[in-house]
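Following: one structure in structure tokens, then a few remarks.
Laboratory data are not the source of any read-out in this text; all were calculated from the coordinates shown. Given the structure is predicted, the values throughout are model-derived calculations rather than measurements. Heads up, the Cβs are rebuilt from the backbone with ideal geometry, glycines too, and the neighbour counts pull from every protein chain shown.
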Amino acid sequence: MIELEGLTKRYGEKVAVNNLSFAVRPGMVTGFLGPNGAGKSTTMRMILGLDRPTAGDVRIDGTHYDRLKDPLTYIGALLDAKAVHGGRSAFNHLLCLAQSNGIPRARVHEVLDTVGLTPVARKKAKGFSLGMGQRLGIAGALLGDPRILMFDEPVNGLDPEGIHWIRTLMKSLAAQGRTVFVSSHLMSEMALTADHLVVIGQGRLLADTSMADFIQRNSRAYVRVRTPQPEQLSDVLAAAGITVVRTGDGAFEVDGGKAEHIGELAARHQVVLHELSPQQASLEEAFMRLTAESVEYHAHSGTGDAPAARAWGEDWTGEG
Amino acid sequence: MAAAQVVRSEWTKIRSVASTVWTLSLAVVVTVALGILISLLSRHEFDNLSRAERLSFDPTFVSFAGMSLGQLAMIVFGVLVVSNEYSTGMIRTSLAAVPQRGTFLFSKLAVATALAFGVGLATSFVTFFLGQAMLGEHRAALGDPGVLRAVVGGGLYMTLIAVFSMGVAAMLRGPMLSLGILMPFFFLISNILGNVGATEKVGRYLPDQAGSSIMRVVTPVDDDTPYGPWGGLGIMALWVLAALLGGFLSLKKRDA
């Protein structure tokens, strides 16, 4: 379990992480989502005690990171696959990490095997591809057989096979009851792996919710209907056992209904329809809406309609 | 966190990179080769020396002449041991494994210092014996008064130069910046300050000028240096302590 309490990091005037409080729980994959520059990596560095918080606190299983005896046996992290001395072999890189935490040498061979780097164990790390470097970083995270694992953008720059491997690995680690905390700036990636979501933007907490909840609220399929005879339509649909939601602009939203079915019902009862359209809110859209106001550098599309600033959760209430 | 674990880990680190081998071998080769060459030249020049110069002739010190260049390789060794961590990004992995930064830094320094001392001491003995062999009838013997102290002191001198560099590198982090300051300082500035009349009195308190007095056996005629061989080495040790303190505080305070 990782617990953050009012965690804040300032660089001069700039606030990189602003009063973050949340907990990362065992037995599931927690996705840490936010646009680039949202403060994900800074937060992760503070969790590992690499950067000092300006204010607030972060604890690993109730203890400060620098108080952990042999920290690699509590929490394993992959922050940057390039954080390796390129002149050192993969084996020696892992060996020096293992020795510093009293981990037996045999374990180095085990993790090399797990990540599939045994054939290149004696090769210098600077000759490794991005994917191999990522595997070496993951081997380092697994070295102490820790209960908590943390990965910063692990799929960045990987080929499809590598991405698939990492997704499967994270899920299996969580299934073993471990705490898995993984950051990404891609909602679609998180949707495939995470059970729980923590969303931040400009260093602030925007959401802390289960993935299922997030999908249910944001990714619903529904039919949008407009009619000049709202009372009649409402009655017709109610008689057919279909629940409708009236939106602010006078339209109806019919959850889970089929457009054909609604159209036929309306025709049979001679209700005029002005609009009948199936809608699908994608998770990516939901995420972008959520973080729009907090994205630091907008790419101006030229259409000029910047997403309206809304409080978090306001747009979940069903006006689509 | 047992310090012994971290020391083992740092030993694995230092023995598994090529820069350790090439910097230390360069230090040995340059010091010894240049020592032999200058000893050989000194033997042929001896008859042309003035009386005062002959009285000041210090065969032990002459055989250590190669250290002025060999120490540069020791500086590179010391700088790379520390700044490699920063230039490669390894420091974040290292500090995640060993979050007690004092334990981390001093284990690293202990390993690198022990290695530098072993190599420095061996270099000192080899360059002494080969240098003396070149000096012929003007040679000193290890049993002569002060000679053993000077030879062991040569090893200590090389070690302290390396440790001083480690401290500076821990403060400055980047290898280019550290080397860019240390190399010209020890190769040029210190020599200029130590040999120009106006700055001589300040120059002799610089780490290398003070420390190298440990390798002198014969005091030059009309020498007014206010410290002896061990006093000089002590001054150098104070510089080293200051650099280590600065390096430690920098590592302790700053984000990795």
Under 5 Å, built H, 5+ apart or other chain: amide partners of A:N18: A:K9, A:R204
Gain in span if fully extended, B:L55 to B:L241, counting 0.36 nm per residue against the direct Cα distance: 63.4 nm
Part-to-part distance (alpha-carbon centres) for segment B:210-239 and segment A:143-159, which is given in Å: 55 Å
Lysine pairs with alpha-carbon atoms under 27 Å apart, chain A, spacing 8 or more or separate chains: 14
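How high is the relative contact order of segment A:128-226? Use alpha-carbon pairs under 8 Å, at least six apart in sequence, and give a whole percent.
Values: 76 pairs, mean separation 19.9, N = 99.
Relative contact order, segment A:128-226: 20 percent.
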For a label point 7 Å along the Cα-to-beta-carbon line of A:S129, residues of segment A:163-191 with backbone N under 15 Å: A:163-166
Placed amide H near A:L48: partners under 5 Å, 5+ positions off or other chain: none
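Whole-Å semi-axes of the protein assembly as shown's equivalent ellipsoid, largest first, each the root of 5 times a Cα gyration tensor eigenvalue? Mind showing how you got there, number by number?
On the way: eigenvalues 994, 103, 65 Å².
Working from the Cα gyration tensor, I get semi-axes of 70, 23, 18 Å.
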Value at 222 nm in deg cm²/dmol, rounded to 500, when DSSP H runs of n ≥ 4 in chain A each add -39,500 (n - 2.57): -9500 deg cm²/dmol
Anisotropy class of segment A:220-280 from Cα gyration tensor, a/c 1.5 cut: rounded
For segment A:220-280: relative contact order, % (alpha-carbon pairs under 8 angstrom, 6 or more apart): 53 percent
³J(HN,Hα), Karplus 6.51/-1.76/1.60, whole Hz, each residue of segment A:176-191, x for Gly, Pro: 7, x, 7, 8, 10, 10, 9, 9, 6, 10, 10, 4, 4, 5, 5, 4
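Between rounded, prolate and oblate, where does segment B:122-189 land on the alpha carbon gyration tensor, with a ≥ b ≥ c its root eigenvalues, rounded for a/c under 1.5, else prolate if a/b exceeds b/c?
Values: a/c = 3.75, a/b = 2.57, b/c = 1.46.
The shape class here is prolate.
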Gaussian network model of chain A, springs between alpha carbon atoms under 10 Å - residue of A:G27, A:G201, A:G177 with greatest fluctuation: A:G177
Dipole moment magnitude, nearest 20 debye, segment B:155-229 about Cα centre, only Lys, Arg, Asp, Glu C-beta charged: 300 debye
Euclidean distance of C-alpha centroids, segment A:217-253 and segment A:162-194, integer Å: 38 Å
Nearest-0.05 FRET efficiency for A:S282 and A:D159, computed from C-beta distance (R0 22 Å): 0.35
Rg to Rh, two decimals, where chain A supplies the alpha carbon set and Rh follows Kirkwood: 1.10
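Please arrange B:W230, B:W11 by counting, for each residue, the other beta carbons lying within 10 Å of its beta carbon, fewest first.
On the way: B:W230 13, B:W11 19.
Starting with the residue having the fewest Cβ neighbours, the order is B:W230, B:W11.
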Among B:S83, B:S39, B:S25: highest mean-square fluctuation, GNM of chain B, C-alpha pairs under 10 Å: B:S25
Phi to ³J(HN,Hα) by Karplus 6.51 cos²θ - 1.76 cosθ + 1.60 over segment B:171-177, Hz, x for Gly, Pro: 6, 8, 6, x, x, 5, 5
Gaussian network model of chain B, Cα within-10 Å springs - most flexible of B:T199, B:T20, B:T159: B:T199
Shape category assigned to chain B from the gyration tensor of Cα positions, a/c cut at 1.5: prolate
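Before anything else, pin down the relative contact order of segment A:2-216: Cα pairs under 8 Å, at least 6 apart, normalised by residue count, whole percent. Present the calculation step by step, with values, prior to reporting the outcome.
Details: 433 pairs, mean separation 67.6, N = 215.
Relative contact order, segment A:2-216: 31 percent.
Given a Förster distance of 35 angstrom, what is the FRET efficiency for A:A240 paired with A:Y11, based on the Cβ-Cβ distance and rounded to 0.05? If you can, show how the numbers build up before the last one.
Values: r = 59 Å, r/R0 = 1.70.
Given R0 = 35 Å and the Cβ-Cβ separation, E is 0.05.
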FRET E, pair B:F129, A:H64, Förster distance 60 Å, beta-carbon r, rounded to 0.05: 0.65
